[in-house]
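To start, the structure under review is shown below, and the notes come after it.
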Amino acid sequence: MNKIIYACTTFLSAFLIFIIQPVLAKSLLPSFGGSVFVWVVCMLFFQGGLLLGYTYAYLLSKQSFKLQVIVHCCMLALSFYFIDNTLPSSLTDSQQWPPLILMQLLTIKILLPFALLSSTSPLLQSWYCQIKRTDFPYYFYSISNAGSLLGLFCFPFALEWWLRLDQQIAGWNILYFIFAALCTLSALPLLGLKSKYVEKIDTITAAPNHKTILLWLGLTTLSSAFMLASTNFILQNIINMPLIWILPLSLYLVTFIVTFAKPKQYNRNFWALSIGIWILLLAWSIHSNAIVNNFLNGVTVVLALLYSVCMLCHGELIQRKPSTQYLTLFYLIMSLGGVLGGLFVTLGGYWLFNDLWDFYIPFIIIAGISTYILYKQYATTQHKWDLFAISCSVLSLCAFGLVHLEPMFNNHIHLITKTRSAYGIIRVEDVHSVTHPDNNHRRLVHGPIIHGKQFLAPFHKNIATTYYGKKSGIGYSIHFLRKRTPSLKIAVVGLGTGTIAALCNSKDQIDFYEIDSKMLSISQTYFSFIQNAKVKTNFYLGDGRIEMQEILNQLGSQQYDLIALDAFNGDSIPFHLITVEALELYRQHLKPNGIIAFHTSNKFIDLKPITQALAQHKSLWHFWVETAGELKKGTLPSTWALLSRDPELAPWLYKVDHSISLSQKAKSSLLWTDKENSMLPLIIWNPPN
């Protein structure tokens, strides 16, 4: 009976941990403008909370049984006060640094419950060793990771789809009360114990030395860093598809489940050789461009490499497990390694490297470890097969190094500059064509996506390119509005290269809202659309919705003729920019017959049902404008959704382009609000190549 209660408590605690993280992060996004720092700060906060929980378990396990029960039950009772996860509006109006506000808010609202949930797995394993006289409780850690895995999939595929955010939080609170009851039941048997069993059987066991502890720390740091770096690598270089981040984290958890449940089945030579083989395949995929041309192959190779790496790290970790006397110390060091790996990727990766060195550094270290393992095996056996394995591992490292250097010898594409921000790697490149010199251009590339380009030939520099051609949705909008007034006032959320300026004249005014400060510098240093148009411009650095709200509060409505939202081009869809609340803000800034234009070009997400539902909700016309790209004109295929109440827009659009569709009635269930939105129904599972 005790075993069942312990298993259920451990499983439920891990499940709740992986539910509350995305629930709270998403509930806070609109209040902080949907900024990516919300996800980064939340992730670092929860990693710190996990470390705090493991530290608490380590310190508590050193006390007497009676004191452990009293302290833990009191902490559980106290935590009920902190599970009201509502957002005080006063904090969002503060003049403090926003990440600091967010950290304070999370600390007040969830730190204690989260730390207690985090402490459950190591603490209950320690208790189980006392009650059941066992020296191998590590399968409970597998159960814990199974709960984490379920929570990971449950949020995007069930809770987010079926429940509003307030309902999700209420459900979590109920489950937390159940967890507290189970945890209390788990602690009560300790009151009947008189002495510590582990002290009787482990007194002759020496404490782990510094070398062993550093090895625990290094292995967990490497696996954590490589998991996060692999996720970034996939999103920034292969495919920007929603929910793709779930796959690397799932494999990371699965390797813990497999290695900790059945450590004897771990084969270090197999996984060391596997790493070398997958590195070779990754190098070939990058060299042949298959990693981009066939995203399924690219993702499969990276995920297979990640799984092999985590199996090696976690397999070596469990082989070096301590006696149960030092079990909580073992988990504490593992937690610290996870935090260090997260800090290396999320902070070091953005501040120290302009390239993917947060991926390459753990990658190289792990490849070196696998080569060393294979070398030791060959030194022992002298088998030809082991020599072949070593050769594969060394060859894979050399091949990957050559592939990484290959772009230096590419005369077709010349890198002008490369920088990195919290939003990814930004590259400015000059692309030259021997056969079509008129097509030579400079482009802005953000991850795998082209965000703008400008012809290098002086007589072509003022041509509107990419998604802003004259026959695009935004081009039609400006043409139509120009008939009414010679001077337009336009708001653009998402600066890019400032290409929209090529559609404007010196009498117009454009207010750019850009969240990435580095994008502002790049658009003015390496591209000349704005300068050439001599258009009046204002730049507002920050999240578009928050900046617009502040301007509305301080200066009133800006009476824009056109509001263009160009921030929906990848995996990180800023849902707070396309909700009912956001649309109401845009309408307050818009002239009565103005146009709201959503740039919805996306291979993996169909935003049409959302823009349709918004238009219907506010009694607006909805036009869906799809345009094919023209190589000579430098335009790319684009899709725009135009929302307006102007009765003259419909006949004019139909006259200039018969392919434009006037949308039919939308499903109200796809109406997004700040509290109710799910991307799952919008995903295009078989995107076109």
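Okay, here's what the table says:
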| quantity | calculated |
| --- | --- |
| Nonlocal amide H pairs with Trp672, under 5 Å, H built at 1.01 Å | Val580 |
| Spin-label model distance (nm) - Lys66 vs Lys3, 7 Å beyond Cα toward Cβ | 3.1 nm |
| Beta bridge orientation in region 452-682: antiparallel %, DSSP, nearest 5 | 40 percent |
| Distance between modelled label sites at Phe80 and Leu215, nm, 7 Å Cα→Cβ extension | 4.7 nm |
| For region 109-117, 3J(HN,Hα) per residue [Karplus equation, 6.51 cos²θ - 1.76 cosθ + 1.60, θ = phi - 60°, Hz, x = Gly/Pro] | 8, 9, 4, 5, x, 5, 5, 5, 4 |
| Viscosity 1.567 mPa s, 4 °C: Kirkwood-radius Stokes-Einstein D of region 551-650 over Cα pairs, µm²/s | 90 µm²/s |
| Pairs of Cα atoms farther than 17 Å apart, region 592-686, % | 56 percent |
| Spin-label model distance (nm) - Ala207 vs Gln167, 7 Å beyond Cα toward Cβ | 5.3 nm |
| Cα-based shape type of region 482-548, given that a ≥ b ≥ c are square roots of the gyration tensor eigenvalues and the cut on a/c is 1.5 | oblate |
| Least to most buried among Lys264, Lys461, Lys632 (fewest other Cβ within 10 Å first) | Lys264, Lys632, Lys461 |
| Under the Karplus curve 6.51 cos²θ - 1.76 cosθ + 1.60, θ = phi - 60°, whole-Hz ³J(HN,Hα) for region 247-256, x wherever Gly or Pro sits | 5, x, 5, 5, 5, 4, 5, 4, 5, 5 |
| Semi-axis lengths, Å, region 452-682, gyration tensor of Cα atoms, sqrt of 5 times eigenvalues | 25, 20, 18 |
| Residue exposure sequence - Ile510, Ile684, Ile169 - by fewest surrounding Cβ within 10 Å | Ile684, Ile169, Ile510 |
| In sequence order, calculated HN-Hα J values of region 174-186 (Karplus, 6.51, -1.76, 1.60; Hz; x Gly/Pro) | 4, 5, 5, 4, 5, 4, 4, 5, 5, 5, 5, 4, 5 |
| Footprinting exposure proxy for Cys313, Cys154, Cys74 (fewest neighbouring C-beta atoms within 10 Å first) | Cys74, Cys154, Cys313 |
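Since every read-out is calculated from the coordinates, none of them should be taken as a lab result. Predicted model only: the values in this text are computed from it and were never measured. Reconstructed Cβ throughout: ideal geometry from the backbone, glycine too, with neighbour counts over all protein chains shown.
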